[in-house]
Amino acid sequence: MWYVLNFILGAIFGSFLNVILFRSVEGLKINDPPRSFCLNCKVSIKWYDNIPILSYILLGGKCRNCKTKIPIRYFLVELLIAFSFTFHSLLFAKFECILLNIFIFSTVVVAYVDFKIMMIPDFSWWLLWIVSVLDLFRDTRFWYLRFVSLFIVLSIFLILKKIYVEGLGEGDIYLITPIAFILNLPLSIYHLLLSSILALIFSLVNKKKIVPFGPFISISGYVLYVFMLKYF
Ligand SMILES: [Zn+2]
């Protein structure tokens, strides 16, 4: 029952995430207009055509009104969140599952929006602070070290920012602080290394000078958090 609930909740949150992603990138307000609409014919989408995962399949990936193709990304994001919530519920206890669900939600927001428009929405790192506080209840050992971890990572990061002013934005700092608090020492140091290496490889492969750092911070943070909950 818990797995099924996670799949359904994942699909609903995935659908909500689509709204956030689209509206963040387009610079629209999250709650205005209140209803979702077709990008082509602007007709607002009825509730029965807005059921996560199912509606996309039933409509054959097309708008009911104008038959324009709905980008497959909507369907994929819903599936991704539904499957990751289910994965968390299968592998972890309930409390840990909830923490990971919040973390992956924030990760997808950062990965998508920062890649698209080089901007990290504020609420994505606020979500990580929620995980940070809740994680203190999960594991009370070495709680004081979390502050040391935060201090060390922040110091290294500020030094890096002084050297490479262009690449690192303020959003990256807001993003890495709660993750340093969650992962604690020594994982937070590995996290900084892993995200830097991934960003470096990406910039070499794509021959780009300025690469958004946020997606790499988020994704490697999520992977290490899964690892930490499983083995620490
Ligand atoms: Zn339409």
### Summary
If we ask which residues in the stretch 171-195 are under 15 Å from Phe213 (Cα atoms) and surrounded by 14 or more Cβ atoms within 10 Å (Cβ to Cβ), their number turns out to be 12
### Failed criterion for Leu168 (all others in (1) assigned to a helix (DSSP H, G or I); (2) surrounded by 16 or more Cβ atoms within 10 Å (Cβ to Cβ) hold)
(1)
#### Entry: Residue tally, condition modelled with pLDDT of 90 or more and among the β-branched types (Val, Ile, Thr), over the stretch 157-189
6
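Is there a residue in the stretch 10-19 that is hydroxyl-bearing (Ser, Thr, Tyr), surrounded by 14 or more Cβ atoms within 10 Å (Cβ to Cβ) and not assigned by TED's automatic domain parsing to the domain that holds Arg138? Quick ask: steps written out before the conclusion?
Looking only at the stretch 10-19, we keep the residues that are hydroxyl-bearing (Ser, Thr, Tyr), and these are 15.
Applying the additional criterion that residues be surrounded by 14 or more Cβ atoms within 10 Å (Cβ to Cβ) yields 15.
This time we only want the ones that are not assigned by TED's automatic domain parsing to the domain that holds Arg138, so: 15.
Among the residues of the stretch 10-19, at least one is hydroxyl-bearing (Ser, Thr, Tyr), surrounded by 14 or more Cβ atoms within 10 Å (Cβ to Cβ) and not assigned by TED's automatic domain parsing to the domain that holds Arg138, which makes the answer yes.
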### Task
Could you tell me which numbered condition Phe142 fails, if it satisfies all but one of (1) crowded, with 22+ Cβ neighbours inside 10 Å; (2) under 25 Å from Phe92 (Cβ atoms); (3) hydrophobic (A, V, I, L, M, F, W, C)?
(1)
### Message
Can you tell me which of (1) free of Cβ contacts under 8 Å to residues at least 12 places away in the same chain; (2) closer than 21 Å to Phe115 by Cα is the one Phe151 doesn't meet?
### Response
(2)
### Query
If you check every pair at least six apart or on different chains, which have Cβ atoms under 6 Å apart with a residue in the stretch 26-52 that is under 18 Å from Pro71 (Cα atoms) and aromatic (Phe, Trp, Tyr) first and a residue that is modelled with pLDDT of 85 or more and within 16 Å of the ligand (Cβ to nearest atom) second?
Phe37/Ser44
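Quick grid of which residues meet (1) assigned to a helix (DSSP H, G or I); (2) within 18 Å of the chain's Cα centre (by Cα):
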residue	(1), (2)
Leu136	yes, no
Arg141	no, no
Ser155	yes, no
Leu160	yes, no
Ile173	yes, yes
Ile182	yes, yes
Tyr190	yes, no
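Pick from Gly60, Gly27: which is surrounded by fewer than 13 Cβ atoms within 10 Å (Cβ to Cβ) and under 22 Å from the mean Cα position of the chain (by Cα)? Outline the logic, then answer.
Working: Gly60 fails: under 22 Å from the mean Cα position of the chain (by Cα).
Testing whether each residue is surrounded by fewer than 13 Cβ atoms within 10 Å (Cβ to Cβ) and under 22 Å from the mean Cα position of the chain (by Cα) leaves just Gly27.
The values are calculated or read from the model by the stated rules, or taken from the named source; none is laboratory data. This one's a predicted model, so the numbers in the text were calculated from it and none came from an experiment. Ideal geometry is used to build each Cβ from the backbone, glycine not excepted, and the neighbour counts take in all protein chains shown.
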